[in-house]
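The values are calculated or read from the model by the stated rules, or taken from the named source; none is laboratory data. For clarity, every value in this text was computed on a predicted model and none was experimentally measured. Here the Cβ is made from the backbone with ideal geometry for all residues, glycine too, and neighbour counts use every protein chain on show.
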Amino acid sequence: MLLLPPNSKTRMHSPAFTLMVLTAVIWGNTDAFSDTAVDCCLNTKDTRIPVQIVASYFHQTTDSGCPIPATVFITKKHKKLCTPPEEKHGWISKIISHLDKKRKSHQ
């Protein structure tokens, strides 16, 4: 095996080459620069919500990229209200049951 002593050109190309490779890896990672932003609840409130103002709901999970699980109610004025997961409070389950019944009757 022939070993050549490093010269100034080799040393200058090494950091540049490393930077190019690193840039290519990051740029090629489409998940890191996704066009899809995740709109997550960062905290929840236990404050009871009047069922009359709620239009729909969905469950936020950590599998969807959010930091905490939550039940998210959407009001008739399109506001998102973040509450704890439904199994933690009975009033949340009651609103969900009301909305599910309402949705089934409209189908």
Does region 26-44 contain any residue that is among the hydroxyl-bearing types (Ser, Thr, Tyr), in a loop (DSSP other than H, G, I, E, B) and modelled with pLDDT of 95 or more? yes
Residue hits (region 57-72; farther than 22 Å from Arg103 by Cα and surrounded by fewer than 18 Cβ atoms within 10 Å (Cβ to Cβ)) are Thr61, Thr62, Asp63, Ser64, Gly65, Cys66, Pro67, Ile68
Within region 76-102, take every residue that is within 19 Å of Asp46 (Cβ to Cβ) and basic (Lys, Arg) and give me the one that is surrounded by the fewest Cβ atoms within 10 Å (Cβ to Cβ). Lys79
Region 46-74 residues that are on the phi < 0 side of the Ramachandran plot, paired with ones that are among the small types (Gly, Ala, Ser) (beta carbon under 6 Å, 6 or more apart): Gln60/Ala70; Ile74/Ala55; Ile74/Ser56
